[in-house]
Amino acid sequence: MCTTADKEGKWGGVWNVTESSGYIEPTQNSGMKLVRRNIKGSIFMLNLLRFRKIADYTSHPELAPNQTSHPELAPNQTISGEEAFQCYIQHTLPFL
């Protein structure tokens, strides 16, 4: 469990952390707890991202970039994790 502190230094567990992967996985219950705290002011989120040197599409090869989806790529050319993330952002932004 990851905890957060408010301005008064009061701690409250609001997120579940998946131990094996190290990422935070918010639940509906933890979101309700956060809202019920009636925190005044803005809430900010900071994503610290680490990328692979070569993007890994082994679990979903159908999503791997190819010459149809990315004509600028040479056959069998790989892209970095950062480049894959930028593709994801470009695809997702119109839906936000």
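The modelled label-to-label distance between TYR57 and PHE44, using points 7 Å beyond Cα along the C-beta direction, is 3.6 nm.
Once the C-beta distance of ARG37 and LEU96 is scaled by a Förster radius of 30 Å, the resulting FRET efficiency is 0.70 to the nearest 0.05. Note on ASN29 and ASN66: their simple-model spin labels are 4.3 nm apart, each label 7 Å out from Cα toward Cβ. Going from the fewest other Cβ atoms within 10 Å to the most, the residues SER59, SER80, SER69 appear in the order SER59, SER69, SER80.
Taken together, the values in this text are just the output of simple stated rules run on the coordinates, not laboratory data. Predicted model only: the values in this text are computed from it and were never measured. Positions of Cβ are backbone-derived with ideal geometry, glycine not excepted, and every protein chain shown enters the neighbour counts.
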